[in-house]
Each structure stands twice: as C-alpha cells, then as structure tokens.
1. At 1.4 Å probe size, what's the solvent-accessible area of Trp12? Round to the nearest 10 Å².
2. Students often check this: by mean Cβ neighbours within 10 Å, which of 329-340, 285-296, 97-108 ranks highest, and how do the rest follow?
3. Past 21 Å, Cα to Cα: identify those pairs from Lys66/Lys333; Lys61/Lys219; Lys239/Lys269; Lys219/Lys239; Lys61/Lys273, in the order given.
4. Got a sec? What order do Lys239, Lys66 fall in by accessible area at 1.4 Å, biggest, i.e. largest, first?
Amino acid sequence: MQNTLMTSAQGWQSFDLLLTCMVVADRAGRIEWVNIATQHLFERSRRSFQEFSLESLFEDKENFQKAFETIVNQRAMSVTFVGAIAKLDDAVLVSASLHMDNDRVIMELHPIDQQTLSERSIRLAREIEIYQETFRNLAHEVKNPLGGIRGAAQLLDMELDNPAQREYTQLIAAEVDRLQQLVDRLIRPAQAGLQRTMFNIHEVCERVYTLMRAEYQDKLSIIRDYDASLPEIYADREKIVQIYLNICRNAAQALLGAPEIKSPTITLKTRIKSRQFLLDKVYRQVLVISVIDNGPGIPNHIVDRVFHPLVTGRPEGTGLGLSLAQELARQHKGVIEFDSYPGRTEFRILLPLEEV
C-alpha cells in the first residue's frame, strides 16, 4: 500500500492546493491518497491512511457502504452522505460527496458545524411558521363560506325530485366536506397543546409498525432496527405517533408510486446521539427515530421545500403530512432532517432527551 500511495501522489498532487478535504480510493474502498486538508482534519499523516478504507472513516459504516456501493455500481453520477467521522477523541459531522473518475472513487469531505445546522433548523422552523400562519388565516376565512355552500346544497337537495339532479347536490356536499377536512388539518396543530407523559419510544414504533402492516400488508417489507437500550422520553405520545406515521406513510406512498422499485422496503430505526444542537440549544442526549426507504428519492424541484405546506411530489398528495410532522416535532423542541438520493431516502426525527 505504501508504494501505491507514492505512485498515486504524482497524479493527485493538485488536490493539495485545495482547502476541501479530498480522498482517493479504489473500487474496493481502499484509500490510495489523501490531500493536505484531509491530513489536517484527521490529524494524521498521509502515510498512516494506508491502514484505512473509506468505510472505516465513518461511524455509520453500514449506511456509508450503501452510498459507496451506489456510486461504484454507477447507479448515480454522484452520491452525498452525511455522517460523523471518528477524529481522535472527537466526532465531526461531515457531508461526503462521492464521484467516480475512471476506476477511482474521489471523495470530498465538507465538515458541518453543529452551530450551522442549528441556524439552518431555526431558519427552517421560522419559514415554516410563516407559511403555516398564512394558511391558517386563509383557512379561517374559508370555513364560513364552506358552511354556507354545504347548507345551500342540502336545502336544494330537499327540493329536488330528480335523482340525477340530486347527485350533483350530493357531490357538492361531499366536496365541501373534503375541503373542510383539509381546512381542519391546516388549523388543528396550532389549536392543540401537548399532553406529555413518560413512555418508551418503541411502544410508538411498534404501534406504527402494526398500523403500517395492516394498511399496506404484503405490498412492501418493513424492517425494524431498534436500539433497545434507549431511555424513556417525556413527550406527547399521540403526536409522536402522528409524526412517525405521517413520515412512514409518505415513504410507503413514494415506494408504491414507483413501479421500478422491485422490492419496496422501509426500515424503522432508533438510535441516540450525544451533545447535539437542536434549534437553539445543546442537548446531552437526542433521540433519533429514522424512516429509511429504498425508493426513487425526493424530486429535485421540491427538495428545498419538502416541509412547506401544500408542497408534494405526488399528483394525489395534499402536501400536509411532512409539514404537520415538522411542526409537531418543533413543538417538542425537535426537528426533522432528511437525506435523499435515488435508492435511499432517510427522514430522521430528532427529539431532545436532556438539555446540557
């Protein structure tokens, strides 16, 4: 490996001029060369990297390997993976971009500052709050006319003798009811407070798992990957169920709407993170509840607006499920994050357990 590093260095020396961390590996993931910025990030010499594979640099080796296999098998032009790297006694969150260049994998590492993540979460929460307040005001204005339309349709229905004509009044009433339900969904989150209790998050996970199995039966596979050692959480159980179920259903609908996915699979995963920024505070422990699917990924044209109300990538979707889930998470001082590329989408619900 030492000879390989020396030989490869001649072809990659220009990367030493970059401030971006660059790593070059073969198709098996064995590191062949790193630039100076990478040496500084890991506080290791270039020669010492002969002991490592790309996978070994990351704490979440399983998910990194999936991203690596995607790029090696050329199912995508580039792949982005967000995860923590082991750096001496510390852990650094990075965004890793993988590209193929001839027979080599080139990886760019961009460290992500937790404060930056926190500021982004705060901006997202404020932006969503503005959108939701606008829609709530609109919804309140719409409720009274809807009631009047339905009442008029009912009166007209009683006056009509022709069954064919009554079908139209009944259609009007049914559509008014559908709009009323939509309006109620826009208003309800702001009206309801939190009813907090202590409970084990896996009670929620199992309830959602059972509901999903009943709803979708054998149309897709659901895998459970739980950390049984997680402590109890103090939260509103029903609202956590609603958050989790909304995200799971969104994943299921994305999978079943993509006939090219031959083995649609959802993974329900629970983990814990230490010393994490959420919104404007640092928490000693944060619960991470993930929903992972092997679907087509989030369409590029909505990826920056996926939590906005009424934004959806499906013709039959309302665009309220993820927006509501994000608001309910924010009411718990948490946030929902996601990573998405073709073949893998992961939504993570981050909920605080302890404040530092």
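1. Looks like 40 Å² after rounding.
2. In decreasing order of mean packing, 329-340, 285-296, 97-108 become 285-296, 329-340, 97-108.
3. Lys66/Lys333; Lys61/Lys219; Lys219/Lys239
4. Working: Lys239 30, Lys66 80 Å².
Result, largest first: Lys66, Lys239.
The values are calculated or read from the model by the stated rules, or taken from the named source; none is laboratory data. All of these numbers come straight from a predicted model, not from anything done at the bench. As a convention, Cβ positions derive from the backbone with ideal geometry for all residues, glycine included, and neighbour counts pool all protein chains shown. Heavy atoms of the whole protein, side chains included, go into the accessibility calculation; ligands, DNA and RNA do not. Shrake-Rupley method; radii C 1.70, N 1.55, O 1.52, S 1.80 Å.
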